[in-house]
1. With the checklist (1) over 30 Å from A:ASN240 (Cα atoms); (2) over 18 Å from the mean Cα position of the chain (by Cα); (3) in contact (Cβ under 8 Å) with a residue 40 or more places away in the chain in hand, flag the one item A:LYS150 doesn't pass.
2. Touching a Cys at 6+ places or on another chain (Cβ under 7 Å) and not acidic (Asp, Glu) - does that describe any residue in segment A:163-182?
3. Going by the structure shown, is A:LYS462 open to solvent by 20 Å² or more (accessible area, probe 1.4 Å), modelled with pLDDT of 90 or more and either under 23 Å from A:ASP303 (Cβ atoms) or not polar (S, T, N, Q) (or both)?
4. Hey, among B:VAL56, B:VAL14, which residue is without any contact (Cβ under 8 Å) to a residue 24 or more places away in the chain and either more than 7 Å from chain A (Cβ to nearest Cβ) or in a helix (DSSP H, G or I) (or both)?
5. Which ones in segment A:202-221 are within 14 Å of the chain's Cα centre (by Cα) and either more than 11 Å from chain B (Cβ to nearest Cβ) or surrounded by fewer than 24 Cβ atoms within 10 Å (Cβ to Cβ) (or both)?
6. Listed residues A:GLY19, A:GLY45, A:GLY71, A:GLY66; which is over 21 Å from the mean Cα position of the chain (by Cα), surrounded by fewer than 23 Cβ atoms within 10 Å (Cβ to Cβ) and either at pLDDT 95 or above or facing another protein chain (nearest Cβ under 9 Å) (or both)?
7. Working carefully through the options A:ILE128, A:ILE78, find the one that is of a type in the set (A, V, I, L, M, F, W, C) and within 9 Å of another protein chain (Cβ to nearest Cβ).
8. Any chance segment A:41-63 includes a residue that's without any contact (Cβ under 8 Å) to a residue 24 or more places away in the chain, at negative phi and of a type in the set (Phe, Trp, Tyr)?
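The values are calculated or read from the model by the stated rules, or taken from the named source; none is laboratory data. Values in this document were obtained by computation on a predicted structure and should not be read as measured data. All Cβ positions, even for glycine, are placed from backbone atoms using ideal geometry, and neighbour counts span all protein chains on display. Side chains are part of the model used for accessible areas, which takes the heavy atoms of the whole protein and leaves out ligands, DNA and RNA. Shrake-Rupley method; radii C 1.70, N 1.55, O 1.52, S 1.80 Å.
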Amino acid sequence: MIATDTTSLLIAVAYLVTGVCFIVGLRLMSTPLTARRGNMVSIAGMAIALIATGFQLDFAESWWIGAIGLGAGAAVGIYFARSVKMTAMPQMVAIFNGCGGGAAAMVASAEYLKLDPAVQSVAPDLSIASVLTAIIGSISFTGSIIAFLKLQELMTGRPITYPGQQVVNGLLALVAVAGLVCVAIGYEPVPAFFASLVASAVLGVLFVLPIGGADMPVVISLLNSFTGLAAALTGFALGNDVLIISGALVGASGTLLTLMMGKAMNRSVANVLFGAFGAVKPTEGGGSSVAADAVVRESSVDDVANMLANAEHVIVVPGYGMAVAQAQHSVRELADELERRGVEVKYAIHPVAGRMPGHMNVLLAEANVPYPALIDMEDINPEFPQADVALVIGANDVTNPDARSNTSSPIYGMPILDVDKAGRVVVLKRSMKPGFAGIDNPLYALDNTSMLFGDAKSSIDKLVGAVKTL
Amino acid sequence: MNYAHLLAELTVFVLAVFVGVEVIGKVPPTLHTPLMSATNAIHGIVLVGALLIAVVAVPHLGPVLSILAVFLASLNVFGGYVVTGRMLAMFKARPPAAAGDGNKKGDDLTIRLTEDWKP
């Protein structure tokens, strides 16, 4: 750290350039046409920051610590980033996010513990920033790990609930805040610091446990904003502006996405933040508008192939089931085949379809579906009445008409895709098991709906074959 | 406690939040997954902090925890950027057959975009 005045000035300028690169990089993501360039600009910014940091390091003694950590992190990160399947993207983003949160918590702990015991109480702004980073960073770290385990299906994706859950979470939050106060006023600061750290790590686990797989878009966005906030707070603790700027950008982005996802699910931010996620639980048939004697019409591959080939407008409605079955390439093939016959094919994308914001878009982009064919909910809904066929592939709750009309339904008020207004509806589904929220979907019993049971990918492959022979 | 310094940092933070909201609000929903991944990589900037606490004469966390902090942060940075790049490479305006045409249109739009930047 033997930096002359000129060096430290240059370092500060380099960090400023990094901040600008990040902002311009994100700005270029406003259209898919420039987004790749945006990523390059962002990478350049990161490289500049790392080079500038190199000038402040004391390589004499412990250069190997940085070399091992950086080398191993880069190797493992790049390996997984290159080999992960697009369907596994949500859990990949979750685990990278957790890594950032964990690193922030560790940096803050180190920064706090190196302060002189006398200083620990004298400089409350630094110590408060450190404790806050430790709290938010460790919530993000352990929360992301649970989110990863759920998405990777290493543990159940269903909400895990137990009596007194909210009380336990409240107590843990109280311990974390009490630790923060103790550090701020200098009362037994070091044990208090660790109490905060541990309580929030446990809170991170318990806070994600009751959240079901279908609510993951909200959780991942929220954890993303937490890590951003933790990075910004690390900046306060270290007195480093580039961390503050970058963390603030990410925090804003994550918060904005969380709000959007909450809105798309008709849940308030308070509902999201205070963990009423368990509220949407499997209900014992309660609140359903499906008559007990309702029958669903099962259809054959040939019938559906005929229906599709003779249609003029087809709207494909993908959901998480498409991701699970890895059916995106087959869907694209079917659309190609239909388009060759003069059928117009569009895709209706619900904001919370899948397990993270924009999940369906990435999968379909992987299958080479041009992005202008992917249409957001508000824009596609007026088109359903003109569509001859709506082809629902592994989407359930986002197509449930009860959300529109049945006030006793748990998802009442959630904006949905109006697939029931299409001329014919074909639903590809594994079985008649209710969707994630455990709610019956009256769509399946409608007169214009036919069901095609089976694995989405093999059903669509069969459809492609049948359309070809027509 | 240096209030002037703290206030300067808070100013930077608050202004950056507003810039963030402004910039992120313009990202179309189709890019929300790459956006999350990109912002993910950006918060990997804690790598700067991790290096600053790890590569000093006496590491504050001890060697093992220091390596772990740098490891986690660089996993975040490198993994995040590579995954974002992979995703963005897949977004195409039209089917690959007509890709040449698509690039040309892309440049037109880029010019329009840079013009948006003018105050």
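1. (2)
2. No, because not a single residue in segment A:163-182 is touching a Cys at 6+ places or on another chain (Cβ under 7 Å) and not acidic (Asp, Glu).
3. Yes; evaluated as a whole, the condition is true for this residue.
4. Selected residue: B:VAL14, the only one of B:VAL56, B:VAL14 that is without any contact (Cβ under 8 Å) to a residue 24 or more places away in the chain and either more than 7 Å from chain A (Cβ to nearest Cβ) or in a helix (DSSP H, G or I) (or both).
5. Scanning segment A:202-221 gives A:VAL208, A:ILE211, A:GLY212, A:GLY213, A:ALA214, A:ASP215, A:MET216, A:VAL218, A:VAL219.
6. Selected residue: A:GLY71, the only one of A:GLY19, A:GLY45, A:GLY71, A:GLY66 that is over 21 Å from the mean Cα position of the chain (by Cα), surrounded by fewer than 23 Cβ atoms within 10 Å (Cβ to Cβ) and either at pLDDT 95 or above or facing another protein chain (nearest Cβ under 9 Å) (or both).
7. Result of the check over A:ILE128, A:ILE78: A:ILE78.
8. yes
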